[in-house]
Amino acid sequence: MSSSQQEEVSTKDLHQGYVEIWHHGLFHIKSSALLCAVGLGIPSAIYRLGGAATTSDIATETGVHHSKLSYLRRLMRMLRFCGIFTADEPSEGEDETIYRLTPVSQVLVDDQGKVPSTPYDITAVSTFFSLERWFRDAGDKTLFEVAHGVHPWTLTKNDASYNKAVNDSMVMDSSLFMDIMLKEVGGTDIFRGLTSLVDFGGGLGVAAMAIAMAFPHIKCTVLDLEQVISQAPSSDGTVEFIVGDMFEYIPPADAVFLKLIFDCWDDDDSVKILRQCKREIPATDAGGKVIIVNCVLGYGPQDDVYMETQVLFDVYMMRYGGAQREEHEWKRIFSEAGFSDYNITPIFGFQSIIEVFP
Amino acid sequence: MLLHQGYVELYHHGFLHIKSAALLCAVGLGIPSAIHRCGGEATISDLAVKTGVHPAKLSYLRRLMRALASFGIFDTDSRKPDDTDGSSVVYTLTPVSRILVNDGDMSPLLRLLARPATSVSTFFAMEAWFRDGGATTLFEMVHGGVPPWSLTKNDASYNEAMNDACAVDSGFSMDAMLEEVGGKGIFHGLTSLVDVGGGHGAAAMAIARAFPHVKCAVLDLEQVISKAPGSASDGTVQFIAGDMFESIPPANAVFLRHVLDCWDDDHCVKILGQCKRAIPTRDAGGKVIIMNLVVGYGPLENVVKETQVLFDMYMMRYGGAEREEQEWKKIFLEAGFSDYKITPILGFQSIIEVFP
């Protein structure tokens with residue numbers, strides 16, 4: 001450092017800055033290590049072993065090769081220091097640490113034979129390392145296109161493994177998430193009084209089916225692209241699946257449900273989608289509404305982790321040209337699309353349900 | 001509600017890679033330098049003008065800066081009440097962004113730690129590697145069996161990235177370390193020292209400058225020494241080509257900085273064995289001075305503890321390791337040493353003196 005800069009900065013600040021460069025530079029490992037732990041099935045293994053397990057137990061239970069035991073020990077140490085697991089220090093005479101679950105590893109336990117989701121795919125991780133190039137770029141390509149040379153929805157059409165990775169990473173597509181959400185809003189008027197609902201971009205139908213089961217009098221339909229619907233489990237009639245493009249057509253219904261849709265699209269496209277919705281729902285007095293599940297930046301517990309997760313989620317959506325919005329940004333697109341009012345109900349800690357009225 | 005906490009933490013962890021990428025982007029765009037050149041405070045418009053950000057990307061820059069402020073990379077003052085687009089927000093530097101300002105900045109270190117091809121993507125293969133019974137390292141698995149030292153020979157950009165990162169890291173950490181331990185008797189009383197694996201001599205020269213009575217030498221491989229810059233052979237430090245596994249030239253003390261964490265226990269014991277042969281007895285002032293991490297030592301802040309274990313994962317991909325005290329003790333004893341002393345430095349690192 002030049003001597004003039006050194007004079008301005010105290011030794012304590014220098015040391016702190018130095019540690020933080022290492023800390024920040026290595027943060028990507030936290031995400032990858034979590035993906036690895038989930039892939040190996042470590043949370044589920046600890047759960048199956050009664051909620052407490054040594055590294056050797058975990059190795060046996062998960063299929064980690066026995067030659068990799070010392071490395072697994074180090075991975076568990078790292079995950080423990082980062083809050084994914086807790087540990088009991090070995091007691092007198094024992095030399096193996098015992099690992100237990102924390103709130104985050106608890107939600108990664110899968111006791112129904114399905115691999116639980118992590119909220120990202122590997123392609124997404126590599127996308128962000130093109131951020132600088134994209135910021136300098138004059139064109140209107142999204143970050144994803146600059147990084148990978150192709151639009152994400154095109155990639156899901158052409159690349160089966162990427163398509164699967166994206167679907168798998170939809171944590172909020174899990175039935176567990178829907179159960180929590182519906183329990184939280186069960187006592188409110190959000191779904192009450194509806195006779196029909198269209199789940200826009202409803203993917204594999206998990207959300208629609210959960211709504212249909214919680215509110216059996218609501219006729220639920222899922223609208224999505226061909227390559228998505230084709231992967232949906234065969235319907236037992238609870239929910240109807242329609243192939244289509246939400247920019248072109250929406251079947252009429254009392255309400256349109258949009259979970260994690262608007263954060264994928266910029267304001268212009270979001271207004272287009274909202275206008276389509278408005279065409280197909282009845283007036284507010286007749287019960288018409290749009291029900292949105294998304295972040296409202298700044299809403300929710302004012303705890304650091306919650307707030308930081310929301311802004312991280314905002315940067316995450318930048319890759320598609322999307323965004324997480326603050327309240328006044330939501331208000332602006334609602335007004336532009338011709339809606340008159342809205343109501344925000346925080347759910348799930350860092351998300352919200354927004355009802356929008358024509 | 002615990003379930004809420006679990007889910008928010010799941011998302012939080014899943015997104016943490018963005019922190020590495022976002023900081024790398026900010027440094028690449030020159031944002032810390034731009035704020036510094038603006039006298040230490042800048043708005044988004046100031047930054048757009050002073051960096052290479054395209055005008056069409058201003059709203060995205062605002063969102064990136066909002067995120068970076070949330071991570072503690074920059075500080076902000078509060079927004080004016082009628083400001084709907086964040087244009088009045090003023091950004092200032094924090095300790096980490098201050099040392100990323102150009103002119104002696106630490107950005108090459110950051111670039112290596114978060115380098116997509118040789119760091120970030122390596123970790124994607126962790127699950128497959130854990131299931132595999134072979135002896136290949138994680139790095140080799142992702143790079144077609146090629147270890148890092150071979151890759152630096154064939155890949156000029158990786159070689160440059162490694163050398164630049166090592167140069168800034170040595171420069172910063174050696175000066176800071178010597179200032180911190182100056183009065184602690186670690187280097188006092190030595191007449192000679194050999195820096196094993198000392199590369200181009202930056203560390204040895206820093207020691208020679210701080211303690212002019214200590215005759216310093218560097219031992220490293222022929223292909224490394226031959227590339228040492230001309231000014232290095234001005235007589236301050238002697239360069240010796242050789243292999244630390246074969247023999248180490250005799251000296252009062254051996255200095256090992258970021259060497260033992262690159263090797264597994266067996267290799268470390270061999271290296272330490274060679275060190276013991278090169279130095280005199282403890283009474284005659286003989287010692288090995290190690291500059292590395294001791295996992296679990298240092299301030300108990302989360303940042304320090306996490307950085308230490310993340311660094312362990314980072315070295316794991318090479319087949320190396322960061323060690324806790326009892327792991328260090330084990331290899332010292334196995335190599336025939338009798339005692340050791342740990343002095344924490346630089347927040348998360350340590351100096352370990354090992355006595356025969």
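Just to be sure before I move on: is A:Gly349 at pLDDT below 85, in the same structural domain as A:Phe262 (by TED's automatic domain parsing) and crowded, with 20+ Cβ neighbours inside 10 Å in the structure I sent?
yes
I'd like to know if the stretch A:268-277 contains one or more residues that are within 14 Å of chain B (Cβ to nearest Cβ) and surrounded by fewer than 22 Cβ atoms within 10 Å (Cβ to Cβ).
yes
Enumerate the pairs (first residue in the stretch A:47-60 and assigned to a strand (DSSP E or B); second residue anywhere and of a type outside the set (Gly, Ala, Ser) and surrounded by fewer than 15 Cβ atoms within 10 Å (Cβ to Cβ)) with beta-carbon separation below 6 Å, excluding pairs fewer than 6 apart on the same chain, so at least 6 apart or on different chains.
That search, which allows pairs on different chains as well, returns A:Thr54/A:Glu96.
Might you let me know whether the stretch A:173-196 holds any residue that is crowded, with 18+ Cβ neighbours inside 10 Å, within 14 Å of chain B (Cβ to nearest Cβ) and either polar (S, T, N, Q) or under 25 Å from A:His28 (Cβ atoms) (or both)?
Within the stretch A:173-196, one or more residues are crowded, with 18+ Cβ neighbours inside 10 Å, within 14 Å of chain B (Cβ to nearest Cβ) and either polar (S, T, N, Q) or under 25 Å from A:His28 (Cβ atoms) (or both).
Among the residues of the stretch B:202-257, how many are in a loop (DSSP other than H, G, I, E, B) and over 20 Å from B:Glu353 (Cα atoms)?
14
Residues that are in contact with a Cys (Cβ under 8 Å, 6 or more places away or on another chain): find the helices (runs of 4 or more DSSP H) completely inside the stretch A:127-171 holding 3 or more of those.
The qualifying helices (runs of 4 or more DSSP H) are A:131-136.
Hey, which of the helices (runs of 4 or more DSSP H) in the stretch B:1-85, taking only ones fully inside, have at least 3 residues that are in contact (Cβ under 8 Å) with a residue 24 or more places away in the chain?
B:17-29, B:31-37, B:44-50, B:58-70
When you look at B:Met315, is it closer than 27 Å to B:Leu193 by Cα, part of a helix (DSSP H, G or I) and touching a residue at least 12 places away in the same chain (Cβ under 8 Å), yes or no?
Yes; evaluated as a whole, the condition is true for this residue.
Restricting to the stretch A:209-241, name every residue that is of a type in the set (Phe, Trp, Tyr) and either on the phi > 0 side of the Ramachandran plot or part of a strand (DSSP E or B) (or both).
Hit for the stretch A:209-241 is A:Phe241, nothing else.
Counting only residues that are aromatic (Phe, Trp, Tyr) and at the interface with chain B (Cβ under 10 Å from one of its Cβ atoms), which one in the stretch A:116-152 is surrounded by the most Cβ atoms within 10 Å (Cβ to Cβ)?
Top of the filtered list is A:Phe128.
Return the residues of the stretch B:179-209 that are aliphatic (A, V, I, L, M) and either at pLDDT 90 or above or outside the structural domain of B:Ile351 (by TED's automatic domain parsing) (or both); say none if nothing qualifies.
Selection gives B:Ile186, B:Leu190, B:Leu193, B:Val194, B:Val196, B:Ala203, B:Ala204, B:Met205, B:Ala206, B:Ile207, B:Ala208.
Within the stretch A:5-60, work out how many residues are over 20 Å from A:Leu108 (Cα atoms) and among the small types (Gly, Ala, Ser).
Of the residues in that region, 4 qualify.
Among the listed residues A:Leu258, A:Leu225, which satisfies the condition of being modelled with pLDDT of 90 or more and under 28 Å from A:Asp314 (Cα atoms)?
The match here is A:Leu258.
Which ones in the stretch B:1-51 are more than 7 Å from chain A (Cβ to nearest Cβ) and charged (D, E, K, R)?
B:Arg37, B:Glu41, B:Asp46, B:Lys50
Would you point out the residue of the stretch A:60-73, among those that are within 18 Å of A:Arg100 (Cβ to Cβ) and out of contact with any strand residue (DSSP E or B) (no Cβ under 9 Å at 6 or more places or on another chain), that is nearest to the other protein chains (Cβ to nearest Cβ)?
Out of the qualifying residues, it is A:Leu72.
Being in a helix (DSSP H, G or I), without any contact (Cβ under 8 Å) to a residue 40 or more places away in the chain and not aliphatic (A, V, I, L, M) is the filter here; which residues of the stretch A:172-208 pass it?
Hits for the stretch A:172-208 are A:Ser175, A:Asp179, A:Lys183.
Among B:Ala156, B:Ala165, which is of a type outside the set (Asp, Glu) and closer than 28 Å to A:Gln16 by Cα?
B:Ala165
Take B:Val96 and tell me if it is closer than 20 Å to A:Ala147 by Cβ, touching a helix residue (DSSP H, G or I) at 6+ places or on another chain (Cβ under 6 Å) and either at the interface with chain A (Cβ under 9 Å from one of its Cβ atoms) or not in a helix (DSSP H, G or I) (or both).
It is false that B:Val96 is closer than 20 Å to A:Ala147 by Cβ, touching a helix residue (DSSP H, G or I) at 6+ places or on another chain (Cβ under 6 Å) and either at the interface with chain A (Cβ under 9 Å from one of its Cβ atoms) or not in a helix (DSSP H, G or I) (or both).
What is the one condition in (1) touching an Asp or Glu at 6+ places or on another chain (Cβ under 6 Å); (2) within 8 Å of chain B (Cβ to nearest Cβ) that A:Ile98 does not satisfy?
Answer for A:Ile98: the failing condition is (2).
Table: residues versus (1) among the basic types (Lys, Arg); (2) within 27 Å of B:Thr307 (Cα to Cα); (3) modelled with pLDDT of 85 or more.
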| site | (1), (2), (3) |
| --- | --- |
| B:Leu2 | no, yes, no |
| B:Val8 | no, yes, no |
| B:His17 | no, yes, yes |
| B:Ser20 | no, yes, yes |
| B:Leu24 | no, yes, yes |
| B:Ala34 | no, no, yes |
| B:Gly40 | no, no, yes |
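Does the stretch B:325-339 contain at least one residue that is assigned by TED's automatic domain parsing to the domain that holds B:Met162, assigned to a helix (DSSP H, G or I) and within 25 Å of B:Lys215 (Cβ to Cβ)?
No, the stretch B:325-339 contains no residue that is assigned by TED's automatic domain parsing to the domain that holds B:Met162, assigned to a helix (DSSP H, G or I) and within 25 Å of B:Lys215 (Cβ to Cβ).
Within the stretch A:56-71, is there a residue that is within 30 Å of B:Ser97 (Cβ to Cβ), in the same structural domain as A:Glu96 (by TED's automatic domain parsing) and buried (at least 20 other Cβ atoms within 10 Å of the Cβ)?
No, because not a single residue in the stretch A:56-71 is within 30 Å of B:Ser97 (Cβ to Cβ), in the same structural domain as A:Glu96 (by TED's automatic domain parsing) and buried (at least 20 other Cβ atoms within 10 Å of the Cβ).
Is there any pair linking a residue in the stretch B:128-153 that is within 14 Å of chain A (Cβ to nearest Cβ) to one that is assigned to a helix (DSSP H, G or I) and among the basic types (Lys, Arg), with Cβ under 9 Å and at least six apart or on different chains, and which?
So the pair list comes out as B:Trp129/A:Lys68; B:Phe130/A:Lys68; B:Arg131/A:Lys68; B:Asp132/A:Lys68; B:Gly133/A:Lys68.
The values are calculated or read from the model by the stated rules, or taken from the named source; none is laboratory data. Quick caveat: nothing in here was measured; it's all calculated off a predicted structure. Reconstructed Cβ throughout: ideal geometry from the backbone, glycine too, with neighbour counts over all protein chains shown.
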